[in-house]
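Asker: Before we start, here is the structure in question, set down as structure tokens.
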Amino acid sequence: MKIGILGGSFNPVHTGHVRMAVEVHEQLGLDRVELVPAAEPPHKPSGGLLPFELRLDLVRRAIEGIPGLGANPLEAERSGPSFTCDTLTCYRTERPDNELYFILGASTFLELRNWRRGLEIPTLASLVVVNRWEAAEAVAGFVAEQWPEATLEGEGVWRMPGGNEIRLLDIPRLDIKGGHIRRRWLDRRNLSLLVPDGVRALLEDRAEEIARCWGERRTI
């Protein structure tokens, strides 16, 4: 099976995340794309982070009824920070026959040298770099600098010696940020089309708990 992996804090999950998963699923013909909430995001402060189980429930609400998308709770089974290299190693151990495609934005891709074992990630999974065609030249330069052994197979596609690929993928750009969602929710603004309806409903159902986590009282 061909499995896409979209990780993140999902604090909360929003329409941009879901659309990204749908686009990659369709354009690459994957069997499934799994959204994987980080239990302990290593690159973000823990303050203001919703509990893992609540973020997982929000993800499940967000993708409900969308063919080919799923939620994977595997990070809850591991202690310590949720490093991508460890997540992908778990996938490779548990599903050795699957082809893995790790999904990330171009700006994040260009920061891989700062991640734990970040430059090893293309040996663990193929990389799908989405949404930033204006960054295509920077991405190509980064690939040439960090993985000179990669061969260019076509426009925006490089092949690693082990068989994995690095692929630029153009998708609709929805510039939605979790911080903007949190601020609007605290201000009681309308989140329609910014988050899926199921997410919006659960945010209201758990409003008291969420407001405590996000550190502020909601506007009356």
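Asker: In debye, nearest 20, what is the charge dipole magnitude of the range 66-214 about its Cα centre with +1 on Lys and Arg Cβ and -1 on Asp and Glu Cβ, if you could check?
Answerer: 620 debye
Asker: Here's something else I'd like to know. Which whole-number percentage describes the relative contact order of the chain, with Cα contacts under 8 Å and a sequence gap of 6 or more?
Answerer: Taking the mean separation of contacting Cα pairs over the length of the chain, I get 24 percent.
Asker: Still on this structure, please answer the following. Over all directions, what mean area does the Cα convex hull of the chain project, stated in square nanometres?
Answerer: On the way: hull surface 47.9 nm².
The number I arrive at for the chain is 12.0 nm².
Asker: Probe of 1.4 angstrom, ligands and nucleic acids ignored: what's the accessible area per residue over the chain, in square angstrom?
Answerer: I get 49 Å² per residue for this part.
Asker: Have a look at GLU26, GLU165, GLU75 and tell me which one the Gaussian network model of the chain (Cα, springs below 10 Å) gives the largest fluctuation.
Answerer: GLU26
Asker: Specify which residue in the list ASN131, TRP185, GLY198 is farthest towards the positive end of the charge dipole of the range 123-220, using unit charges on the beta carbon of Lys, Arg (+1) and Asp, Glu (-1), about the Cα centre.
Answerer: Checking the options against the dipole of the range 123-220, the answer is TRP185.
Asker: Another question about this same structure. Let me test this: with uniform point scatterers at the alpha carbons of the range 118-214, what is the Debye-based log₁₀ I(q)/I(0) at q = 0.19 1/Å?
Answerer: Evaluating at q = 0.19 Å⁻¹ gives log10 I(q)/I(0) of -0.84.
Asker: How would ASP197, ASP97, ASP86, ASP31 rank on accessible area, largest to smallest, probe 1.4 Å?
Answerer: ASP97, ASP197, ASP31, ASP86
Asker: Heavy-atom accessible area of ARG167 with all protein chains present, probe 1.4 Å, nearest 10 Å²?
Answerer: Around 70 Å² of this residue is reachable by solvent.
Asker: Need one value: the accessible area of SER9 in square angstrom, 1.4 angstrom probe, rounded to the nearest 10.
Answerer: 20 Å²
Asker: Another question, if that's okay. As a test of reading the structure, rank MET160, MET1 by solvent-accessible area (1.4 Å probe, protein chains only), most first.
Answerer: Values: MET160 15, MET1 120 Å².
Listed by decreasing accessible area, they come as MET1, MET160.
Asker: With a 1.4 Å probe and every protein chain left in place, tell me how much accessible area LEU152 has, in Å² to the nearest 10.
Answerer: Counting only protein heavy atoms, the figure is 120 Å².
Asker: Roll a 1.4 angstrom probe over the protein heavy atoms and tell me the percent of accessible area of the range 120-216 that is carbon or sulfur.
Answerer: Carbon-and-sulfur percentage of accessible area, whole number: 47.
The values are calculated or read from the model by the stated rules, or taken from the named source; none is laboratory data. In this text, all values refer to a predicted model and were calculated from it rather than measured experimentally. So basically every Cβ, Gly included, is an ideal-geometry build from the backbone, and we count neighbours across all protein chains shown. We work out accessible area using only protein heavy atoms, side chains counted, and drop any ligands, DNA or RNA first. Shrake-Rupley method; radii C 1.70, N 1.55, O 1.52, S 1.80 Å.
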